Amino acid sequence: MFRLEAEVDRNRRDLLRSRLRESDAAASPVLRSLLGTPGGRETPLHVWALDEAGALAGGLVGHTWTTWLHVAHLWVDARHRGRGLGSGLLTEAERVAGEERGCRRARLETWDFQAPRFYRRHGYEVVCVIEDYPPGITEYTLTKRLA
C-alpha cells in the first residue's frame, strides 16, 4: 500500500533520512567512518549583509559537510548589485568553510539566467550541465577547490 503526501511530515522525513544514512554507512566504509564524526553532520553556514537601515541587502545560505561547502542560495538585492556584495558573501563563506571548518572543496547549482559567469570568475568549474531543467532552462553544477 502506498500513501502520497504533499505536506512535509518532519518526523517521517527525519526517519527516512536516518535510515538512508544507516544503509549508506553499511555499504560504504568511507561514509561509515565520516558519519560518526562532527564533520559528518551537515552544519549550516549562513552569511548575511544588511544595509545602513538594517534591512537585508543580501545573503548566502549553505552548509558544510565532511570537507565540502555546499552553497544552496546566494542573493543580493537589486539596489546593491554591482558593488561586490555577492563576491564578499561568497568569499566569506569560503573562508569560514576552509579556515574554520576544514573544507577543501565547494559546490553549488545555478541556472543559466542566474550566475554561472559570476561563479566562474570566482574559480568555480562546471562539472555538470542539465538541459531543460526546468523546461527551457539549463542547470549547472559547479565546484571549486578551496585554498
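Observations
- Checked against the criteria, Leu142 counts as farther than 29 Å from Glu52 by Cβ and either surrounded by 14 or more Cβ atoms within 10 Å (Cβ to Cβ) or at pLDDT 95 or above (or both).
- For the stretch 105-128, the condition of being among the β-branched types (Val, Ile, Thr), touching a residue at least 12 places away in the same chain (Cβ under 8 Å), farther than 21 Å from Leu56 by Cβ and in contact with a Leu (Cβ under 8 Å, 6 or more places away or on another chain) holds for at least one residue.
- Residue-level check: of (1) buried (at least 17 other Cβ atoms within 10 Å of the Cβ); (2) under 17 Å from Arg101 (Cα atoms); (3) in contact with a helix residue (DSSP H, G or I) (Cβ under 8 Å, 6 or more places away or on another chain), His70 misses just (3).
- Residue check, Gly84 of a type outside the set (Val, Ile, Thr), in the same structural domain as Tyr140 (by TED's automatic domain parsing) and within 14 Å of the chain's Cα centre (by Cα): no
- Qualifying residue in the stretch 120-138 (condition: among the β-branched types (Val, Ile, Thr), outside any loop (DSSP other than H, G, I, E, B) and either under 23 Å from Arg21 (Cα atoms) or assigned by TED's automatic domain parsing to the domain that holds Leu20 (or both)): no
- Hits in the stretch 52-70 (condition: touching a Gly at 6+ places or on another chain (Cβ under 9 Å) and either assigned by TED's automatic domain parsing to the domain that holds Ala25 or at pLDDT below 95 (or both)): Trp65, Thr66, Thr67
- Pair list, Cβ < 6 Å and 6+ apart or interchain, from the stretch 19-39 residues that are modelled with pLDDT under 80 to residues that are outside any helix (DSSP H, G or I) and polar (S, T, N, Q): Leu34/Thr66; Gly39/Thr66
- Within the stretch 73-104, considering residues that are surrounded by fewer than 16 Cβ atoms within 10 Å (Cβ to Cβ) and basic (Lys, Arg), the one farthest from Thr141 (Cα to Cα): Arg79
The values are calculated or read from the model by the stated rules, or taken from the named source; none is laboratory data. This one's a predicted model, so the numbers in the text were calculated from it and none came from an experiment. Quick reminder, even Gly has a Cβ in these numbers, built from the backbone with ideal geometry, and neighbours come from all protein chains shown.
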